[in-house]
Amino acid sequence: MSAQDFIVETNLVLRDTVIILSGNLLVKNGGNLELDGVALKMNCQADGQFKIAVEPGGEMSILNNSTIEALNPEFHYAFSVRGLSFTMKNSTLRGVGWGNKGSDMVASSLTVDWGDQ
């Protein structure tokens with residue numbers, strides 16, 4: 001863990017903001033993170049340097065034109081969901097995983113809704 005890690009242990013709603021994260025995003029047991037219209041940019045300097053992890057007992061929602069992507073498209077971040085629930089609606093996920101590594105999603109409730117395409 002680095003000093004730059006963003007740790008969610010309670011209910012947190014972020015709206016209409018841009019976040020450049022040079023660290024891990026960790027949603028812990030009992031944490032519930034909602035991103036609503038948020039642009040989250042993972043600032044990796046190498047593949048897999050940072051990760052987004054929804055840990056067992058955690059919840060995450062990505063809603064309303066939120067975007068999660070690598071700040072530098074050459075370097076990808078990991079994304080792991082092992083939480084209670086994960087919801088993604090009308091939002092974009094880019095730059096996650098590399099090769100056959102870096103993406104793993106298992107949740108009691110897992111919803112991904114791309115809307116009208």
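No lab work stands behind these numbers, since they all come straight from the coordinates. Just so it is clear, the structure is predicted and the values come from calculations on it, not from any experiment. Cβ sites come from the backbone with ideal geometry, for glycine too, and all protein chains shown count toward neighbours.
Can you pull a Stokes-Einstein diffusion coefficient for the range 6-109 at 20 °C (1.002 mPa s), Rh from Kirkwood over Cα pairs, as a whole number of µm²/s?
In µm²/s, the coefficient rounds to 161.
For Asp16, what is the net charge nearby, where nearby means another residue's Cβ is under 14 Å from its Cβ and Lys, Arg count +1, Asp, Glu -1?
Here the count lands on -1.
Give me the number: length gained by fully extending Arg15 to Ser80, i.e. 0.36 nm times residue separation minus the C-alpha to C-alpha distance, one decimal in nm.
Full-extension gain reported as 21.2 nm.
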